[in-house]
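These notes concern the structure reproduced below.
The values are calculated or read from the model by the stated rules, or taken from the named source; none is laboratory data. From a predicted model like this one, the values you see are computed outputs, not experimental measurements. Virtual Cβ from ideal backbone geometry, glycine too; neighbours counted across all protein chains shown.
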Amino acid sequence: MDILFFLLYSLCLLGLIIGLINPKAIIKWGNTAKRNRKKVVKLFVTGLILLYILQSSSLGSLDLAENYPEEPTPVDNSDGTDYLKVHFIDVGQADSILIVTASDSMLIDAGNNNDGDLIVNYLKSQGIDYLDYVIGTHPHEDHIGGLDDVIDSFEIGKIFMPKHKSTTKTFEDVLLSIQNKGLKVTSPKVGAKYNLGQAEWTILAPSQEYKETNNSSIVIKLVFGNNSFIFTADAEEKSEIEMLKTGNLNSDVLKVGHHGSITSTSYDFLKEVNPTYAVISVGEANRYGHPHKEVIERLTEQKVKILRTDELGTIIFISDGDELQYETINSLESISNQ
Ligand SMILES: [Zn+2]
């Protein structure tokens, strides 16, 4: 809408300037178009008044920037003091992602109920004793299952969960741990930005309250210098369509939605994200048949490099704000037995 107004204003202004510098040109145009000078002036004045009215009305003054995230400010990492590590922890048919910078850390999801110890030990092995941010993307067990153990074991700055409620014991366990720790749940607000060291992350979804739990997933984009990630949790096509309206989805790494289910990674969304890497957090021979072959085909067609936790184990991306590399840990058994 803003661009349309800008263009119309520019057009009117250009017409007026030409009219001032060379009135004959305008009159000539008026004559060729079988219009007289009076008509041309009338047209300009009416146009300007109309634009002024529209701009002053609620329609014209809608501030879209307030609702949708802007391009985050590039990070100055020229002194090379900061880094970003993104760990896609192998928790089988579930999600758990640890993000670490030189100074800060955050956790997105904590696997199934029985992954609690594994995740707590993994975080300790990475020297974590405080998590600046924790996100429980949505109340399904394969995302918040081990979250109570994480909350019980670490000090936490801010915890985010969608407004979507659940009556499961898993969900109640998490709420109890939050309550015992004296924490307050922050509801996600689309467009809200947070710093993580010199990186910055923005909430992209959910933009509304969905009745489907998966679509209630908190989705974020993380930017560190030239490198960027989108973590989609289990958001499905409905939420993806909403995210497309925000623009600026382009990212190097896409955490593929819903473990590679056909319900997510719609063609338009994938095209907009245009990732180099797609990470699929998925359990070997899972009962859902994830990842679905259609999603693999879509990714292959777009020439995206697919990295799967069922094949590679834990996948760790390392960025210096410029170059992005990854490494893998085949088995976490040694860490979980510590
Ligand atoms: Zn899931």
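Remarks
- Count of residues meeting criterion [assigned to a helix (DSSP H, G or I) and either touching a residue at least 12 places away in the same chain (Cβ under 8 Å) or outside the structural domain of LYS221 (by TED's automatic domain parsing) (or both)] in the stretch 138-192: 19
- Test: residue in the stretch 269-278 that is within 16 Å of the ligand (Cβ to nearest atom), under 25 Å from GLU327 (Cα atoms), of a type in the set (Phe, Trp, Tyr) and out of contact with any Phe, Trp or Tyr (no Cβ under 6 Å at 6 or more places or on another chain): no
- Scanning the stretch 227-251 for residues that are away from the ligand (no atom under 14 Å from the Cβ) and more than 12 Å from the chain's Cα centre (by Cα) yields ASN227, GLU237, LYS238, ILE241, LYS245.
- Any hit, the stretch 106-114, residues being outside any loop (DSSP other than H, G, I, E, B), away from the ligand (no atom under 16 Å from the Cβ) and in the same structural domain as LEU332 (by TED's automatic domain parsing): yes
- Single residue of the stretch 237-296 satisfying the filter (touching a His at 6+ places or on another chain (Cβ under 8 Å) and in a helix (DSSP H, G or I)) that is farthest from SER216 (Cα to Cα): GLY260
- Pick from the stretch 158-171, criterion closer than 16 Å to ASN114 by Cα and not hydroxyl-bearing (Ser, Thr, Tyr), ranking: surrounded by the most Cβ atoms within 10 Å (Cβ to Cβ): PHE171
- Candidates in the stretch 122-134 are the residues that are more than 23 Å from the chain's Cα centre (by Cα) and in contact (Cβ under 8 Å) with a residue 60 or more places away in the chain; of these, the one that is nearest to the ligand (Cβ to nearest atom) is TYR122.
- The set of residues from the stretch 135-153 being over 19 Å from ASN215 (Cα atoms) and within 25 Å of the chain's Cα centre (by Cα) comprises GLY146, LEU147, ASP148, VAL150, ILE151.
- Members of the stretch 142-167 found to be over 14 Å from SER216 (Cα atoms) and within 14 Å of the ligand (Cβ to nearest atom), listed by number: ASP142, GLY145, GLY146, LEU147
- Contacts under 7 angstrom Cβ, first residue in the stretch 212-241 being of a type in the set (Ser, Thr, Tyr), partner more than 16 Å from the ligand (Cβ to nearest atom), 6 or more apart: SER228/LYS221; SER228/LEU222; SER228/SER251; SER228/ASP252
- The combined condition, being closer than 27 Å to GLU284 by Cα, assigned to a helix (DSSP H, G or I), touching a residue at least 24 places away in the same chain (Cβ under 8 Å) and touching a strand residue (DSSP E or B) at 6+ places or on another chain (Cβ under 7 Å), is not fulfilled by LEU118.
- From the list GLU284, GLU294, GLU240, the lone residue that is over 22 Å from THR328 (Cβ atoms), surrounded by fewer than 23 Cβ atoms within 10 Å (Cβ to Cβ) and not basic (Lys, Arg) is GLU294.
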